[in-house]
1. Can you list the HN-Hα couplings for the stretch 14-30, worked out from phi with the Karplus curve (6.51, -1.76, 1.60; θ = phi - 60°), rounded to whole Hz and with x for Gly and Pro?
2. Give me the one-decimal nm value for the distance between modelled label points at I40 and F24, 7 Å along each residue's Cα-to-Cβ direction.
3. What FRET efficiency comes out for the pair L11/R55, r = Cβ-Cβ distance, R0 = 22 Å, nearest 0.05?
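Every read-out reported here was derived from the displayed coordinates using simple, explicitly stated rules and does not represent laboratory data. The structure displayed is predicted, hence computed values, not measured ones. All Cβ positions, even for glycine, are placed from backbone atoms using ideal geometry, and neighbour counts span all protein chains on display.
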Amino acid sequence: MKISSKNQYALVNLFLIPVVSAVFGYNFYHVLVHQETSNIAPTLLLAVITAFMVRKYGYKPVKENKEN
């Protein structure tokens, strides 16, 4: 019996959410403190893509049992 993930994108989302959150927080800090050197547009785009992927694929993998 093999156990595989039915939703492979959910595993990627588990890593993508903390990375995007950290990058967004860092850039948001720069917007507040160092306004002349900040560029938050790419970070907002990355956050929107992450939100779309989480809504479409979810963030918890679904396990599926396979019989040989």
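1. My calculation for the stretch 14-30 gives 5, 8, 5, 4, x, 5, 5, 4, 5, 5, 5, x, 5, 5, 5, 4, 5 Hz in order.
2. 1.1
3. 0.85
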